[in-house]
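The block underneath contains the structure these notes are about, expressed in structure tokens.
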Amino acid sequence: MRRVAVVLLMLAMEIPSFALEGSEVAYAGGTVSQLKEGAAGSLDLTSSAGVVFNYSGGRLEIPYGRIESYEQTQEVAVHLGVAPAIVVGLLKQRRRNHYVRFTFKDGENQPQIAIFEVAKTLPMVLTPTLLAKAPQARCGAYNGCGAGHRSMGGPPR
């Protein structure tokens with residue numbers, strides 16, 4: 001039993017890292033019918049009109065003026081259970097997946113949600129961009145949205 005535990009622990013520590021890097025983005029889910037879950041591409045934040053998700057099958061543009069809210073979250077990539085998580089946590093930092101959720105109105109004024117898995121460095125660029133270009137949008141309560149910005153779950157600051 002002890003050997004099995006040691007082997008499982010060693011395997012858990014050597015799980016390959018499939019983290020997204022740079023400008024890589026993957027559509028994790030939502031209500032946008034033109035996108036399939038897992039569609040890979042990149043987010044273009046340089047457009048003055050909106051956030052653009054470019055993928056092999058086309059592009060999805062989310063106009064800044066139609067973004068109602070956004071939230072950035074992170075989740076542990078691999079769930080190990082209590083004991084292995086404690087041991088692995090003592091030996092190395094656990095990998096996390098980073099997500100950005102947009103709630104917006106499409107061209108037909110229908111509410112839509114798009115959730116993207118992003119590289120861990122993208123939120124450092126995305127938050128200031130949305131603060132500047134989509135000031136009407138609310139951001140998640142745990143994001144540290146910046147002074148004077150409306151937060152979901154509370155009154156305007």
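A few comments on the model shown:
- Qualifying residue in segment 95-116 (condition: in a loop (DSSP other than H, G, I, E, B), at pLDDT below 90, more than 16 Å from the chain's Cα centre (by Cα) and over 28 Å from A49 (Cβ atoms)): no
- Contact map, segment 100-124: residues that are in contact (Cβ under 8 Å) with a residue 12 or more places away in the chain paired with residues that are among the acidic types (D, E) and part of a loop (DSSP other than H, G, I, E, B), Cβ distance under 8 Å, separation 6+ or inter-chain. Pairs shown: Q112/D106; A119/E21.
- Of residues in segment 117-133 being within 12 Å of the chain's Cα centre (by Cα) and surrounded by 14 or more Cβ atoms within 10 Å (Cβ to Cβ), the one nearest to V32 (Cα to Cα): E117
- Scope segment 40-53; condition touching a Ser or Thr at 6+ places or on another chain (Cβ under 7 Å), part of a strand (DSSP E or B) and closer than 19 Å to K105 by Cα; matching residues: L43
The values are calculated or read from the model by the stated rules, or taken from the named source; none is laboratory data. Quick caveat, the model's predicted, so the values are computed rather than measured. A quick note on method: Cβ atoms are made from the backbone with ideal geometry, for glycine too, and the neighbour counts reach across all protein chains shown.
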